[in-house]
Protein chains: 2
Amino acid sequence: MYTYQYPHPAVTTDCVIFGYDLREGLSVLLVQRGIDPFKGRWAFPGGFLKMDEDADTGALRELKEETGFEASSITQFGAFTAVDRDPRERVITIAYLALVRKGDVQGGDDAADARWFPVTAVPPLAFDHDRILRLALERLKEQIHFRPVGFELLPEVFTLSQLQALYEAILGVRFDRRNFASKMLKLGLLQPTGDRPTDAARRIPQLYRFNLQKYDDLKQSGFRLEF
Amino acid sequence: MYTYQYPHPAVTTDCVIFGYDLREGLSVLLVQRGIDPFKGRWAFPGGFLKMDEDADTGALRELKEETGFEASSITQFGAFTAVDRDPRERVITIAYLALVRKGDVQGGDDAADARWFPVTAVPPLAFDHDRILRLALERLKEQIHFRPVGFELLPEVFTLSQLQALYEAILGVRFDRRNFASKMLKLGLLQPTGDRPTDAARRIPQLYRFNLQKYDDLKQSGFRLEF
DNA sequence: TCAAAAGTGTTCTCCCTACACCCATGG
DNA sequence: CCATGGGTGTAGGGAGAACACTTTTGA
């Protein structure tokens, strides 16, 4: 038992992990709760913060424990503090956001109950996780202007139309194919690979790779992707 | 005494209140700590969260108690969770940001120990409040593109050169006077007032007022101030 | 009448936008 | 040979950046 002179809330972390593929579009990683409250409902991976870890560390640990996935970087995007958001006791949560390649997440051992859901078909969520998701989506839309989110979500090599589909999925708009291509290529962040994909049903598109070097240069000078 | 099965951190809120005037430039509101730890040091107004209030409410309450100022809106911008950030016990803080007219803050009764400091001349701060300030300044720079921060910080009527000086102070850059004026006026957010200021040492400039109506319209359609 | 700030307009360039044609591939 | 998607180019308009002259005022 732990006693304090004044009441203390419990503190948890939650991770909104976004992934993407052509079939399902933008998706989030959810785990099914095995215990009450909200037993059986889906929720973001997360859990109680330990006393000897900061929130970033705790979020990464819980994510690993519940999904088997070791994220390289997560971004804190909000604290949720409504008084009654957890029926057991006062719990505030610190929410994190990460972008991952779906393929990297496969094979989590403890991840029996972890599953991807398209953001357009998310089941009812536990606690106030629907609000957390809404804010996460907003933040993702903002970040897309400053951060090459496409390159974190897509496989290492990708085509221009895949990249465009991703941007359209996140922002919920449509772009002109030719203008999107020229704008992207002008940035210089894309490196054509010599290879071509083999599974093409139609004309074979060029494959690109993200140029990290160039991105670091651009970040130095403070850039912005306009869309 | 309050007992829990697992250890809980304490949770506080802190408010970074930005103000602005021509003499001092961009400033922050600080209070001097009356008790240990860090007794005598300056810190952001804030304090422990109560169990029956969410963090926004708690932040506004603490701000009022410590500075006498009733803010109309505050923006949560980060949680600080380093394990050793408070020497007494594990404390995490949720940080808020607000923009106010300096004049509105005068006259807080309890505010004996509240003072404005130019951001360029901030004294040593308690806890990790220097880190909180750094992040707040970054967020302010980001928000300036989506939110008419000038109009929240300046008096109700102001001149174009005052507005420009504010933008230059926040972003740390210089603009061409003529381009700044035409860009601002083109937005349609500025309403010329008939009046002219009397204290001019030189040629008397036009006074403007912020057009809230127009701003709401622009917000609907999702706009961005480019600078 | 001079110094200092205010007001105003033009030109050039670049980028965004809209849009059309041809090419490669598999069925 | 045709449907589907990939690749490329151009013309027009608008916005930003650079820049100079005139006006008002108090000293």
Checklist entry - If you count the DSSP beta bridges with both ends in the protein assembly as shown, what percent of them are antiparallel, to the nearest 5? => result 70
Item to check | Between the range A:52-102 and the range B:95-164, the Cα center-to-center distance that results, in Å | outcome: 30
Checklist entry - In the range A:1-127, what % of DSSP beta bridges are antiparallel (nearest 5)? => result 65
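For peptide A:144-151, what's the mean number of Cβ atoms from other chains within 10 Å of each residue's Cβ?
Across A:144-151, the average partner-chain Cβ count within 10 Å equals 0.
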Checklist entry - Hey, got the dipole for the range B:64-167? About the Cα centre, +1 on K and R Cβ, -1 on D and E Cβ, debye to the nearest 20? => result 400
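Find the Rg to Rh ratio for chain B, where Rh is the Kirkwood radius over alpha-carbon pairs and Rg uses the same atoms.
1.02
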Checklist outcome for this item: DSSP beta bridges in chain B: the antiparallel percent, rounded to 5, is 70
Next on the checklist: With n ≥ 4 as the cut-off for DSSP H runs, can you work out [θ] at 222 nm for chain B, using -39500 (n - 2.57) per run divided by the number of residues, rounded to the nearest 500?
Outcome noted: -9000 deg cm²/dmol
Next on the checklist: Test of understanding: express the Cα radius of gyration of the protein assembly as shown as a ratio to 2.2 N^0.38 Å, with N the residue count.
Outcome noted: 1.10
Checklist entry - Relative contact order of chain B: what whole-number percent is it, with Cα pairs under 8 angstrom and at least 6 residues apart? => result 20
Checklist entry - Which of B:SER72, B:ALA59, B:TRP42 sits closest to the plus end of the dipole of the range B:33-76, meaning its Cα is farthest towards the positive end, when Lys and Arg get +1 and Asp and Glu get -1 on the C-beta? => result B:TRP42
Next on the checklist: Loop only by DSSP, 16 or fewer other Cβ within 10 Å of the Cβ. Give me the GluC sites (Glu not before Pro) in the range B:36-86 that pass, ordered by residue number.
Outcome noted: B:GLU53, B:GLU70
Next on the checklist: For chain B, what is the number of Lys pairs with C-alpha distance below 20 angstrom, counting only pairs 8 or more positions apart or on separate chains?
Outcome noted: 9
Checklist entry - Under Stokes-Einstein, with the Kirkwood radius over Cα pairs standing in for Rh, what whole-number D in µm²/s applies to the range B:112-227 at 37 °C and 0.692 mPa s? => result 203
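To the nearest 20 debye, what is the magnitude of the charge dipole of the range B:19-123 about its Cα centre, counting +1 on the Cβ of each Lys and Arg and -1 on the Cβ of each Asp and Glu?
400
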Item to check | Vicinal HN-Hα couplings computed from phi for the range B:136-147 (Karplus, 6.51 cos²θ - 1.76 cosθ + 1.60; Hz; Gly/Pro x) | outcome: 4, 5, 4, 5, 4, 4, 5, 5, 4, 7, 10, 9
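Under unit Cβ charges (Lys, Arg +1; Asp, Glu -1), what dipole magnitude, rounded to 20 debye, does the protein assembly as shown have relative to its Cα centre? Walk me through the numbers before you get to the answer.
Working: 60 positive and 64 negative charges, 451 e Å.
Using only the charged Cβ atoms, the result is roughly 2160 debye.
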Checklist entry - Expressed as cubic angstrom per residue, what is the convex hull volume of the alpha carbon set of the range A:23-154? => result 117
Next on the checklist: How shielded is B:93-100 by partner chains, expressed as the average number of their Cβ atoms within 10 Å of its Cβ atoms?
Outcome noted: 1
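All of the numbers you see were taken from the coordinates with simple rules; none came from a lab. Keep in mind that what you see is a predicted model, and the values were worked out from it rather than measured. Note: ideal-geometry Cβ built from the backbone for every residue, glycine included; neighbour counts use all protein chains shown.
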